[in-house]
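Engineer: Got a structure here, written out as structure tokens. Questions coming.
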Amino acid sequence: MSHKILIANRGEIALRALRACKELNLKTVAIYSTGDKELKHLRLADETVCVGPASPLESYLNIPAILSAGELTGADAIYPGYGFLAEDADFAEKCEASGFKFIGPASSVIRKMGDKITAKNLAEKSDIPTVPGYTGVLPNDEEELKNIANSVGYPLIIKASAGGGGRGMKVVNDETSLIASIHLTKQEAKNAFGNDTLYFEKFIQNPRHIEIQIVADGKGSTIHLGTRDCSMQRRHQKIIEEAPAEGLDKTKLEKTLQACLKLCKNISYSGVGTIEFLYKNGQFYFIEMNTRIQVEHPVSEMITGFDIVKAQLKIGLGMDLDLNQDEIIFRGHAIECRINAEDPESFIPSPGLIHKMHPPGGLGVRFDSHIYSGYMVPPHYDSLLAKIITTANTRESCIKRMLSALDEFFVEGIKTNHSLHQRLLNDQKFCANEHNINYLEEVFLKK
């Protein structure tokens, strides 16, 4: 392949994409902001272009600057990674209109699945189980709103149709706080997403967070790479992820897997994506579909040997999916710990100079990171520094291997959540796989 790929991201995912491009003999263009001159992948890319100041709005979210960088360097395609513009339908559409291949699904599909109400309706049509609720247009009349809420049942959760990242959601336990909560969520959604459309769902208390990784070429071939459990969360942000999710109802799981493949075929999905669920008492409840690569994709790669990023690139450049479901072999267990630049107790961000660092190694240990000794962690972006991934034959062995990897890993000069992971992996509830999405905040951190 003689294509040239512009990597429209930064940090570890930009480095991950660059490595995949090299394996496919694709030339690379790395964009960066003035606050990111020291990124590792800039030294490895064929070309680099500064797209603006450190502020994300003026650089990594600056669509005209990114498209100009693509035109200046003669790039054929744009790889979005995760975060920033990865699920921005307008960006995908402008890439297409400017003659670039967007490495991801069509802009029309991103737009459909980015609207939570539309996505939920499409999921239901594909036999995917969803959370009971009300997705019609909410009236202005307060009594009508109360009647609808009563029909859904308390506790319920108010959600923004365009929501994401834990924003645009509010739990309501009874009728007394309903109207005020609607107004607050509507305002938050308007400010954050420019869209104040809301809907109601029954609030599922203390569920697990389960997701299914899919890969589709848009030409009829669609496969899944099994499940991930992402239940260890703080403020809706994942801390530890693992694959496969253990202790699921096998009959319900198989039906849900097939329904996910059906959804992808029904919407002519092209690329990689993740369908997310709440899970409780043997029942799956659809949350949303992420139309991009996930931070936690390595755990799925480790149990299947399938390179998800390479598949993304190949499908985006028009190649067929060259594996069928029967050829995906699941082996062992994998766990990922997200290492963030933050205080492990207060969670206050901790940017600054890394004086020294040492990555973990050994059999069954993977380290995905852009950091190095002497790297200055900027204050302008997400605090993710590294992902430590371990794999072993069993979950118990995988946890032990992760603890060993964490013992070996160190960063000096800034604070990280390294010690939090050590505490979590020694926690009795986590080791017994008895935690849920509220366990970290409501139980563990209050011990």
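Engineer: Using the Karplus curve 6.51 cos²θ - 1.76 cosθ + 1.60 with θ = phi - 60°, what ³J(HN,Hα) values do you get for each residue of region 158-163, in whole Hz, with x for Gly and Pro?
Structural biologist: Result, rounded to whole Hz: 8, 10, 7, 4, 9, x.
Engineer: What are the trypsin sites (Lys or Arg not before Pro) within region 303-354 that DSSP puts in a loop, where the Cβ has at most 11 other Cβ atoms within 10 Å?
Structural biologist: Qualifying residues, ordered by number: Arg331.
Engineer: In region 215-259, what GluC sites (Glu not before Pro) fall in a loop by DSSP, with at most 16 other Cβ atoms inside 10 Å?
Structural biologist: Within region 215-259, the qualifying GluC sites (Glu not before Pro) (loop, at most 16 other Cβ atoms within 10 Å) are Glu246.
Engineer: Using per-residue counts of other Cβ atoms within 10 Å, averaged over each peptide, order 3-13, 63-73 from highest down.
Structural biologist: The packing order, highest mean first, is 3-13, 63-73.
Engineer: Skipping prolines and chain starts, which residues have an amide H placed within reach, meaning under 5 Å, of the one on Gly352, given they are 5 or more residues away or on another chain?
Structural biologist: Val377
Engineer: Rounded to whole Hz and in sequence order, give me ³J(HN,Hα) for region 218-229 from the Karplus expression 6.51 cos²θ - 1.76 cosθ + 1.60, θ = phi - 60°, writing x for Gly and Pro.
Structural biologist: Each residue's phi maps through the Karplus curve to give x, 10, x, 8, 9, 10, 10, 10, x, 10, 9, 10 Hz.
Engineer: With Cβ to Cβ distances under 13 Å as the rule, what net charge do the other residues near His236 carry (K, R +1; D, E -1)?
Structural biologist: Net local charge, His236 excluded: +3.
Engineer: Pull up all non-local amide H partners of Thr48: gap of 5 or more, or a different chain, and H-to-H distance under 5 Å with H placed in the peptide plane.
Structural biologist: So Thr48 has HN proximity to Ala30.
Engineer: Determine the alpha carbon to alpha carbon distance for each of Lys94/Lys265; Lys125/Lys387; Lys27/Lys356 and list only those over 29 Å.
Structural biologist: Violating the 29 Å limit, Cα to Cα: Lys125/Lys387; Lys27/Lys356.
Engineer: Follow-up. Apply the a/c threshold of 1.5 to the C-alpha gyration tensor of region 1-75 and tell me whether it is rounded, prolate or oblate.
Structural biologist: oblate
Engineer: Now for a different question. Looking at the square roots a ≥ b ≥ c of the eigenvalues of the Cα gyration tensor of region 208-446, which shape do they give, rounded for a/c under 1.5, prolate if a/b is larger than b/c, or oblate?
Structural biologist: Judged from the Cα gyration tensor, region 208-446 comes out prolate (a/c at least 1.5, a/b above b/c).
Engineer: Relative contact order of the chain: what whole-number percent is it, with Cα pairs under 8 angstrom and at least 6 residues apart?
Structural biologist: 14 percent
Engineer: Whole-Hz ³J(HN,Hα) for each residue in region 282-299, computed from phi via Karplus 6.51 cos²θ - 1.76 cosθ + 1.60 with θ = phi - 60°, x for glycine and proline: what do you get?
Structural biologist: x, 10, 8, 10, 4, 9, 6, 10, 8, 8, 7, 6, 9, 3, 8, 4, x, 5
Engineer: To the nearest 20 debye, what charge dipole does the chain have about its Cα centre, counting +1 at the Cβ of each Lys and Arg and -1 at the Cβ of each Asp and Glu?
Structural biologist: Roughly 500 debye for the chain.
Engineer: If R₀ is 45 angstrom, what is the calculated FRET efficiency for the pair Lys250 and Gln187, using the beta carbon separation as r and rounding to 0.05?
Structural biologist: Taking R0 as 45 Å, the efficiency between Lys250 and Gln187 is 0.55.
Engineer: Sort 378-391, 255-268 for me by packing, meaning the mean count of neighbouring Cβ atoms within 10 Å per residue, highest on top.
Structural biologist: Packing proxy ranking, top to bottom: 378-391, 255-268.
Engineer: Would you work out which of Tyr60, Ile31, Ala45 lies farthest towards the positive end of the dipole of region 4-101, given +1 charges on the beta-carbon of Lys and Arg and -1 on that of Asp and Glu, about the Cα centre?
Structural biologist: Value computed over the given set: Ala45.
Engineer: Moving on. Shape call for the chain from the C-alpha gyration tensor, a ≥ b ≥ c root eigenvalues: rounded (a/c under 1.5), prolate (a/b greater than b/c) or oblate?
Structural biologist: It comes out rounded by the Cα gyration axes.
No value in this document is a laboratory result; all are computed from the given coordinates. Everything numeric in this text was worked out from a predicted model, so none of it was measured. Virtual Cβ from ideal backbone geometry, glycine too; neighbours counted across all protein chains shown.
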